[in-house]
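Inspection log for the structure reproduced underneath, given as structure tokens.
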Amino acid sequence: AGVKSGQAMVTNGGDQGIDIICRAYLDEGDKVIIPFPSFAMHYQSAGVQGAEILEPRYKEDGSFPLDETFDLISDEVKLIILCNPNNPLGSIIAIEDVEKILEKAMEKDIAVLHDEAYFEFSKTTAKDLIEKYDNLYIIRTFAKAFGLVASRAGYVISKENNIQELLKIRGPYDINMFAKTAILAALEDIGYMENYVREVMEVSKPKLEDFFKKRGIFFYPSRANYLLLKMKNPKEIMEKTRSKG
């Protein structure tokens, strides 16, 4: 990731990073801002803590609700979760907008979780803001571009003192030896991952987008390795694709 070793913490999948940060910042009745839609684990981890979830909605074109998010920032809010690129939309939040949120959040002592699960595909990261903002936490995973879903391998990036606090919450035995071995093997062959990402983003996804365009099927422009569609007959299409294996 290009950070100091003390600025990263390995987790049991990216999900554990989300869970630990929610446990660190949220208590019963606290407010958390999670722009809608977002990754299911964000809601689950915040909900388990008993937090009140505020959901500014993404716009119809898939763009980020910056003004609506700003309006919800208050003293009662303890955490803001930004999914970038968004899951399931695939759209990007400009890093300039992320920094605007970080600045306003820091004034009110609010933590910001920047979920970069699809970073390898989007190339969009807030990593360069780590030194500048004490309230920034970045989540990444080996489940997507590296394909290590079942191994449960992820990591958090933040300031060193933040990582030290999170390590008090993460259990000492949470990372298994299979995950450690898989991570080291993956890092020894970054080129393999980069070739896969290139094939997905420059060959396969454009081919799929062209297929949908020719058939008049709406999809949101995506900077990740997936597309969200709007279809009139999804059940019929699901049955047809199942019949084709």
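The values are calculated or read from the model by the stated rules, or taken from the named source; none is laboratory data. Please read these numbers as outputs of a predicted model, since none were measured by experiment. Neighbour counts are summed over all protein chains in view; Cβ atoms, including those assigned to glycine, are modelled from backbone coordinates with ideal geometry. When the accessible area is computed, the model is the full protein with side chains, heavy atoms only, and any ligands, DNA or RNA have been set aside. Shrake-Rupley method; radii C 1.70, N 1.55, O 1.52, S 1.80 Å.
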Exercise. What is the Rg over Rh value, at two decimals, for the chain, using alpha-carbon atoms and the Kirkwood definition of Rh?
Worked result: 0.98
Exercise. Over what distance in Å are the Cα centres of the range 216-233 and the range 158-185 separated?
Worked result: 35
Problem set entry | Rounded percent of accessible protein surface that carbon and sulfur make up, the range 1-139, 1.4 Å probe | 46
Problem set entry | Helical mean residue ellipticity (222 nm; -39500 (n - 2.57) per DSSP H run of 4+; nearest 500) of the chain | -11000 deg cm²/dmol
Problem set entry | Calculated diffusion of the range 63-111, Stokes-Einstein form, Kirkwood radius summed over Cα pairs, 4 °C and 1.567 mPa s, µm²/s | 115
Problem set entry | Largest-first principal axis extents, alpha carbons of the range 148-245, Å | 52, 29, 29
Exercise. Going highest first, how would you order 238-244, 66-72 by mean Cβ packing within 10 Å?
Worked result: 66-72, 238-244
Exercise. Quick one: of the DSSP bridges fully inside the chain, what percent are antiparallel, nearest 5?
Worked result: 40
Exercise. Which entries of Lys132/Lys168; Lys4/Lys123; Lys100/Lys205; Lys31/Lys123; Lys127/Lys230; Lys144/Lys230 show an alpha-carbon separation above 27 angstrom in the structure shown?
Worked result: Lys100/Lys205; Lys31/Lys123; Lys127/Lys230
Problem set entry | Long-range tail of P(r) for the range 65-155 (Cα pairs > 18 Å, %) | 45
Exercise. Largest first, how would Lys205, Lys232 line up by accessible area (1.4 Å probe)?
Worked result: Lys232, Lys205
Exercise. How far is it, in nm, from the label point at Arg23 to the one at Lys4 when both lie 7 Å from their Cα along the line to the Cβ?
Worked result: 2.6
Exercise. Taking a probe of 1.4 angstrom, what is the accessible area of Asp30 in Å², to the nearest 10?
Worked result: 30
Exercise. Under a 1.4 Å probe, what is the accessible area of the range 104-154 per residue, stated in Å²?
Worked result: 37
Exercise. What accessible surface, in Å², does a 1.4 Å probe find on Met41, ignoring ligands, DNA and RNA and rounding to the nearest 10?
Worked result: 40
For this session: Using a 1.4 Å probe and ignoring any ligands, DNA or RNA, find the accessible area of Glu160 and quote it in Å² to the nearest 10.
Result: 90
Exercise. Considering the alpha-carbon set of the range 4-94 alone, what are its Rg and its Dmax in angstrom?
Worked result: 13.5, 41
For this session: Quick one: which residues, 5 or more positions from Asp115 or on another chain, have an amide H under 5 Å from its amide H? H modelled 1.01 Å from N in the peptide plane, none for Pro or chain starts.
Result: Leu82, Cys83, Asn84, Ile139
Exercise. Roughly how many nanometres apart are two label points built 7 Å out from the Cα toward the Cβ at Thr241 and Glu209?
Worked result: 1.8
Problem set entry | the chain, dipole about Cα centre (Lys/Arg Cβ +1, Asp/Glu Cβ -1), debye to the nearest 20 | 1280
